[in-house]
Every structure is written in C-alpha cells, then in structure tokens.
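Everything on this sheet refers to the single structure shown next.
The values are calculated or read from the model by the stated rules, or taken from the named source; none is laboratory data. Just so you know, these numbers come straight off a predicted model, no measurement behind them. Don't worry about glycine lacking a Cβ; one is built from the backbone with ideal geometry, like all the others, and counts go over all protein chains shown. Just so you know, the surface numbers come from the protein's heavy atoms only, side chains and all, with ligands and any DNA or RNA stripped out. Shrake-Rupley method; radii C 1.70, N 1.55, O 1.52, S 1.80 Å.
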Amino acid sequence: MTLVLEFGSAAALVQAVPRLRRAGHRPVEAYSPCAVEGLAEALGHRPAPVRPVMLLAGLAGGAVAFGMQAWSAVYDLPLDSGGRPLFSWPAFLPVTFELAVLCAAIAGFAALLTACGLPRLHHPLFDLPAMARVSADRFLLAFERHPGAAGADLQDLVRACDAVALHEVTP
C-alpha cells in the first residue's frame, strides 16, 4: 500500500527519509516545488542509464552503417571507378557518423521516456488534493508501508517526522 506524507518544509522532508527506513518502510519518491539538496541521495536514486544506452546505440548504428557500406562496395556491387580501391573507407565515414548520431539520439529519447516512466498519462497521486500545492509550497514523500506496521505506529511516525498530514493512495 502506498502512503504519502505531506510536509511544510524541505528540511523535514529530508529528515523523514531515514526515519521511514528505520521504521521498515520503503520511501519511493518525493515531490517538491524546488530542488532539494541531498534528497536524491537520501532516497537512494541512481542516475538513469541514458548515457550508456546512447553510447551502445551509437556504436551499433555506426558499425551497421560502416559494415553495410563496406559490404556493398566490396562484395555486393564492386565497381572499379577511376582505379580507386574497392574498400575506400574514408568515403564511408560521413554516413557512418550520421547514422551513429541518429541511432544514439533515438535510443537516448527512448531511454529517457522509459526512465521517466512515460508515457503514463494518469497516476493515482494526481487525485490527492495535496498534489495541487506541491508546485507552490508543499513537499510530499510517497512510501510503501511495511506490512507489519500498525495504524498507531504510523500516527507516531507522522508526529515524529513533523509531517502535516498522512494520505493514502488507492490504485
């Protein structure tokens, strides 16, 4: 079950993450109107794998382009024009570069969408009334409840974390 704590300050939000972990809950995501220093590290977020995906796609696209041109010039349709060698690799570089950049850009865009969880048009958190104030002055912390946590324990945790409110999200 996903629960959301609402805070009035960024400091309370950052301090609540270790308390939730110690209580056995798993913090999932935080929502704030501005960048909060140290929040990503506290939540344990890792960088999205966009750059390695782009590198691999660029290398693969370049290799395919170079191989396709070399195959067609040397084996498939060998034309001797002006006594030049069949495998004239400098002529293959512009197309190789362009296809490598194109493949890297497309893969980077796809990896970014995947890392952001898009295209998801609606999330149950959008139904919370507190979500409307996140862009102005509120800070939210979504977490998964520990199966053995009682209701009284959660209320004690809300008071200990200095949270304004506790919301339940129904999927």
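For segment 10-23, how many residues meet the condition of being open to solvent by less than 70 Å² (accessible area, probe 1.4 Å) and assigned to a helix (DSSP H, G or I)?
Of all residues in segment 10-23, those open to solvent by less than 70 Å² (accessible area, probe 1.4 Å) come to 10-14, 16-18, 20, 23.
Applying the additional criterion that residues be assigned to a helix (DSSP H, G or I) yields 10-14, 16-18, 20.
Summing the residues that are open to solvent by less than 70 Å² (accessible area, probe 1.4 Å) and assigned to a helix (DSSP H, G or I) in segment 10-23 gives 9.
Please list, ordered by first then second residue, the pairs with beta carbon atoms under 6 Å, 6 or more apart or interchain, first in segment 108-129 and hydrophobic (A, V, I, L, M, F, W, C) and modelled with pLDDT of 90 or more, second open to solvent by less than 100 Å² (accessible area, probe 1.4 Å) and not in a loop (DSSP other than H, G, I, E, B).
ALA111/VAL50; ALA111/VAL53; LEU112/VAL50
Scan segment 114-171 residue by residue and report those that are assigned to a loop (DSSP other than H, G, I, E, B) and open to solvent by 90 Å² or more (accessible area, probe 1.4 Å).
If the condition is that a residue be assigned to a loop (DSSP other than H, G, I, E, B) and open to solvent by 90 Å² or more (accessible area, probe 1.4 Å), then PRO119, ARG120, LEU121, HIS122, SER135, PRO147, ASP162, THR170, PRO171 are the ones that fit.
Based on this model, can you work out whether PHE66 counts as on the phi < 0 side of the Ramachandran plot, of a type in the set (Phe, Trp, Tyr) and open to solvent by 40 Å² or more (accessible area, probe 1.4 Å)?
On the way: on the phi < 0 side of the Ramachandran plot: yes; of a type in the set (Phe, Trp, Tyr): yes; open to solvent by 40 Å² or more (accessible area, probe 1.4 Å): yes.
When the stated conditions are applied, PHE66 passes them.
For segment 49-61, does any single residue satisfy the condition of being open to solvent by 90 Å² or more (accessible area, probe 1.4 Å), of a type in the set (D, E, K, R) and either assigned to a loop (DSSP other than H, G, I, E, B) or at pLDDT below 90 (or both)? Reasoning before the result, please.
The initial filter retains those residues of segment 49-61 that are open to solvent by 90 Å² or more (accessible area, probe 1.4 Å), namely 51, 55-56, 59.
This time we only want the ones that are of a type in the set (D, E, K, R), so: 51.
This time we only want the ones that are either assigned to a loop (DSSP other than H, G, I, E, B) or at pLDDT below 90 (or both), so: none.
No; the residues of segment 49-61 include none that is open to solvent by 90 Å² or more (accessible area, probe 1.4 Å), of a type in the set (D, E, K, R) and either assigned to a loop (DSSP other than H, G, I, E, B) or at pLDDT below 90 (or both).
Name, by its number, the condition in (1) more than 30 Å from GLY44 (Cβ to Cβ); (2) part of a helix (DSSP H, G or I) that does not hold for ALA104.
(1)
All but one of (1) over 30 Å from VAL95 (Cα atoms); (2) surrounded by 14 or more Cβ atoms within 10 Å (Cβ to Cβ); (3) over 22 Å from the mean Cα position of the chain (by Cα) hold for THR2, so report the exception by its number.
(3)
Being farther than 26 Å from GLY148 by Cβ and either open to solvent by 30 Å² or more (accessible area, probe 1.4 Å) or at pLDDT 90 or above (or both) narrows it down to one residue among PHE7, PHE87; which is it? If you could, list the steps in order and put the result at the bottom.
On the way: PHE7 fails: farther than 26 Å from GLY148 by Cβ.
Step by step, each of PHE7, PHE87 is checked, and only PHE87 is farther than 26 Å from GLY148 by Cβ and either open to solvent by 30 Å² or more (accessible area, probe 1.4 Å) or at pLDDT 90 or above (or both).
List pairs: first residue in segment 39-56 and within 19 Å of ALA100 (Cβ to Cβ), second residue modelled with pLDDT of 90 or more and open to solvent by 50 Å² or more (accessible area, probe 1.4 Å) anywhere in the structure, Cβ distance under 6 angstrom, at least six positions apart or on different chains.
From residues that are within 19 Å of ALA100 (Cβ to Cβ), the pairs are VAL50/LEU112.
Based on this model, can you work out whether SER81 counts as among the hydroxyl-bearing types (Ser, Thr, Tyr) and exposed (fewer than 13 other Cβ atoms within 10 Å of the Cβ)?
Values: among the hydroxyl-bearing types (Ser, Thr, Tyr): yes; exposed (fewer than 13 other Cβ atoms within 10 Å of the Cβ): yes.
Yes; evaluated as a whole, the condition is true for this residue.
Would you confirm whether any residue within segment 24-47 is in a helix (DSSP H, G or I), of a type in the set (Val, Ile, Thr) and either modelled with pLDDT of 90 or more or open to solvent by 50 Å² or more (accessible area, probe 1.4 Å) (or both)? Give the derivation first.
Kept after step one, since they are in a helix (DSSP H, G or I), are these residues of segment 24-47: 39-43.
Those left that are additionally of a type in the set (Val, Ile, Thr): none.
No - not one qualifying residue is present in segment 24-47.
I need every pair where a residue in segment 79-94 that is over 19 Å from VAL64 (Cβ atoms) has its Cβ under 7 Å from the Cβ of a residue that is among the aliphatic types (A, V, I, L, M), sequence separation at least 6 or different chains.
Sorted first by the residue in segment 79-94, then by its partner, the pairs are LEU86/ALA73; LEU86/VAL74.
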